[in-house]
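Take a look at the structure set out below.
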Amino acid sequence: MAKQQDEGNSQLQTSEDKVSTSKNVITMLLGTWLIIGFFIDGYAHNHGAVESFFTPWHAILYSGYLATATWLLWIVYQNKRSTGLGWLKAIPEGYGLGVSGVLVFFIGGLGDMAWHIVFGIEENTAALLSPTHLLLLLGSLLILSSPFRVGWRKPEQAPTWKQFFPTLMSATLSATIVAFFLMYAWAFFENIPAKPNVDQLTEKMPFLVEIEAIRGLITILLDTILMMYPIFLILSRWKTPFGAFTFYMTFLGTAMGALYGFVSWPSILFLLAGGFVADVLVHTLKPNQTRIWTYRLIALLVPLVVWGLYFIIVQIDVGVGWPPEFWGGALVQSALASLALSILAIPPAREGS
């Protein structure tokens, strides 16, 4: 009898796992709709096409939110009806912050409409710094990261692609929305080290040459941290299926490239190459706590590949205007920043642990 009960519980658990995976996939599909809305709206802001709050791109953004919010609340309602729990207790594990994000986004949306009525429509960087838009960022992050929190609680250490995809997509969309709100620091857009840009600044405003170079170095470091942290966070928990990091980096590069009509399309290839190198190193070296140096090697090589290819292509295309100390220092600093990040994300195991 006990054996039959255990088998029944096992079957129930398997069923719940399957439902959970399918629900996470739907959450990510709707979350992708939300992200597409953000990027279309961002493209409109960058090209001066926004005239009021009531625009087609806002319709895509807020319909994506409405669809995602409705889905999350439906999950809670289904759980409440099947378990008899109260509303708060019926929120599935990992989705608590997501439900909070629905409310945060709603408040941000109402505030955004009021902000536009009072202060007008922002363009370019100003649109990223609006307090109401930052509330939309927070709400989106809370919603989009829900499947990642669900995956973090699951026992699988080496999931298959089918098991891992909702978790990976959650991390990818979360990183992408952060990159969106930091688009003014996406190094591939302005191409600061390019020789024509440096020469033009030297001719017209020579006193700004070094300041602009410093800004370029800062964007490279910030982009490195943005790209690498999700990789280290994922590696600290899972043995990933091959191709996971190639997918993540390519998605990120493609989404950011779309904001300016893919004028910086080679950056997609740079990030793809970095992700592929990460996948190859992970599956060749099989990093773990007993081989901590493998994580450090990944941390060093991936940014060197991304930014090394960047400087090579710039040199071939129009020439690099930075002196060797600057472009060489940028490469080394990006690798060291990534190394430091890996130490924080994946510290060495303590003795006896």
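Would you calculate the separation in nanometres between label points at Val25 and Leu73, each defined as 7 Å from the Cα along the Cα-to-beta-carbon direction?
Distance between the two pseudo-spin positions: 2.6 nm.
Summing -39500 (n - 2.57) over the DSSP H runs of n ≥ 4 in the chain and dividing by its residue number, what mean residue ellipticity at 222 nm do you reach, to the nearest 500 deg cm²/dmol?
Details: 14 runs with 268 residues, N = 353.
-26000 deg cm²/dmol, from helical runs alone.
Run the quick spin-label model on Lys89 and Ile313: label points 7 Å from Cα toward the beta carbon, then report their separation in nm to one decimal.
5.5 nm
Please give the helix 324-345 orientation as an angle from the longest Cα principal axis of the chain, in degrees from 0 to 90, rounded to the nearest 10.
Approximately 20 degrees, to the nearest ten.
Mind checking the angle between helix 131-144 and the chain's longest principal axis? C-alpha axes, 0 to 90 degrees, to the nearest 10.
So the inclination is approximately 50 degrees.
GNM, the chain, Cα, under 10 Å: largest mean-square fluctuation among Ala171, Ala179, Ala340?
Looking only at Ala171, Ala179, Ala340, the largest GNM fluctuation is found for Ala340.
Tell me, what is the FRET efficiency for Leu208 and Leu344 to the nearest 0.05, using R0 = 35 angstrom and their Cβ-Cβ distance as r?
Numbers: r = 34 Å, r/R0 = 0.97.
The computed FRET efficiency comes out at 0.55.
Give the angle, between 0 and 90 degrees and rounded to the nearest 10, that separates the Cα long axis of helix 2-46 from the longest principal axis of the Cα atoms of the chain.
With rounding to tens, the tilt is 30 degrees.
Which is the longest run of the chain containing none of the trypsin sites (Lys or Arg not before Pro) found in DSSP loop states (not H, G, I, E, B) with at most 11 other C-beta atoms within 10 Å? Walk me through the numbers before you get to the answer.
Values: sites that count: Lys89, Arg350.
In the chain, the maximal stretch lacking such sites is 90-349.
What is the distance, in nm, between label points placed 7 Å from the Cα along the Cα-to-Cβ direction at Leu269 and at Leu297?
2.8 nm
How many Å³ per residue does the convex hull of the Cα positions in the chain occupy? Intermediate results must be reported in sequence, preceding the final value.
Details: hull volume 57.1 nm³, N = 353.
Hull volume normalised by residue count: 162 Å³.
Values quoted throughout were computed directly from the atomic coordinates according to the rules given, and no laboratory measurement underlies them. These figures come from a predicted structure and were not determined experimentally. Note: ideal-geometry Cβ built from the backbone for every residue, glycine included; neighbour counts use all protein chains shown.
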